[in-house]
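Take a look at the structure below.
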Amino acid sequence: FFLPALAAAIIGDINTRKALISPYGLMIALITALIIAPNIMWNINNDFATVTHTAANANLKGIPIHPLELLGFIGSQFIVFGPVSLLLLFCALRSALKGRLQTPSLWLTGFVLSPLLIISFEAFLSRANSNWAVTAYAAGSILSAHYLVQSWPRWGRLLIRAKVVVTAFCLSVILLALNPSLADTFGLSNSLKRLRGWPQTVELIERSYDAGHEGLSFTHIAVDNRRVFFNLNYYGLPETASLKIWRRTAHPQNQAELKHPLIEGTIGPVLIMAYFEDYTADLEADFERLAPLDPITLELGGGKTRCYNVWAGYGYKATPDRP
């Protein structure tokens, strides 16, 4: 997202070119290289897993078109950047492209439009999560503030004072997150349900693990969702048992599947914790035997629950040709 905008600025603006070949520009390039070098080296040593995961997120199969996904993505940006901020950004982009703002603002538009246009195109072809465009709003914040102060200086000063209100709002959100009963009172349980009850979840899973199956001890615990894996890992489940992730596809799609997959040929029994409800047929295909156990359900407050379907799996044989 950054490089197309930077290339356009270099080609079209002499001041940008001069800045980049100055000692400060070279220093910035060196600092950037040092920051991203560990990421590049990690990818080289791990079969460019980041590229694989990004491609899986893009999910471009058959190149269909999804106009409703595009509309949904555009509409979601009013939540990501804020309705007033986004309308202000549209006005700023229009003014900058028409040359009504100072020259540097024109090049800021590239750093706003590059992510927005690329991800909008992806949403049209497949799908796009609303937060994928967040990189547009670093430059977008600067451009919007410049436009506001230059075009409506009185409103600009007023909005600067409004930071007190914004700060108070942010503090209230933190208060709600730290006080479950207060969040339930305001009907925000759904927003916080993924944060709650993980120590209790680990305790329930440990009980199932310690019980074993048909007189045999479980050799591993396997989950089917990376977020579940990392939450259980963070809250200490690997201290009790070997925690793995069942890989549904032929190739790893995320860090958990790359580093902690359930190894083919595992005899078991494996305690399987299934977050997804529509992968049962795939699980049955991957295990010689799959014995259902009592599901695990945990009340999270506010009428929300965390549920896992549970199986004892024997004879893991990964399906090699599943995309």
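The values are calculated or read from the model by the stated rules, or taken from the named source; none is laboratory data. Just so we're clear, the structure is a prediction, and the values are computed from it rather than from any experiment. All Cβ positions, glycine included, derive from the backbone under ideal geometry; neighbour counts span all protein chains shown. With ligands, DNA and RNA removed, areas are computed over all heavy atoms of the protein, side chains included. Shrake-Rupley method; radii C 1.70, N 1.55, O 1.52, S 1.80 Å.
A few notes on this one:
- For segment 119-149, the residues whose amide N sits under 19 Å from a probe point set 7 Å from the Cα of His251 along the beta carbon direction are 126-127.
- Expressed in units of 2.2 N^0.38 Å, where N is the residue count, the Cα radius of gyration of the chain is 1.27.
- Folded to 0 to 90 degrees: helix 163-178 orientation relative to the chain principal axis, Cα: 0 degrees
- Using 0.36 nm per residue and subtracting the Cα-Cα separation, the extra length available between Lys98 and Arg161 on full extension is 19.7 nm.
- Highest-fluctuation residue, Val270, Val134, Val166 considered, GNM on the chain with Cα pairs under 10 Å: Val166
- Amide H contacts under 5 Å for Gly268: Gly315, restricted to partners 5 or more places along the chain or on a different chain, H placed in the peptide plane at 1.01 Å from N.
- Angle in degrees between helix 198-211 and the longest Cα principal axis of the chain, rounded to the nearest 10: 20 degrees
- Accessible surface of the chain, 1.4 Å probe, proportion on carbon and sulfur as whole %: 65 percent
- Under DSSP loop assignment and at most 10 Cβ neighbours within 10 Å, longest GluC sites (Glu not before Pro)-free interval of the chain: 1-213
- Residue among Ala211, Asn309, Pro153 farthest towards the positive dipole end of the chain, charges placed on Cβ: Pro153
- Taking the chain as the region of interest, the number of lysine pairs whose Cα atoms are within less than 21 Å, with members eight or more places apart or on different chains, is 4.
- Placing +1 on the Cβ of every Lys and Arg and -1 on the Cβ of every Asp and Glu, with nothing else charged, gives the chain a dipole about its Cα centre of roughly 1920 debye.
- Helix 103-125 vs. the chain, principal-axis angle (Cα, 0 to 90°, nearest 10): 30 degrees
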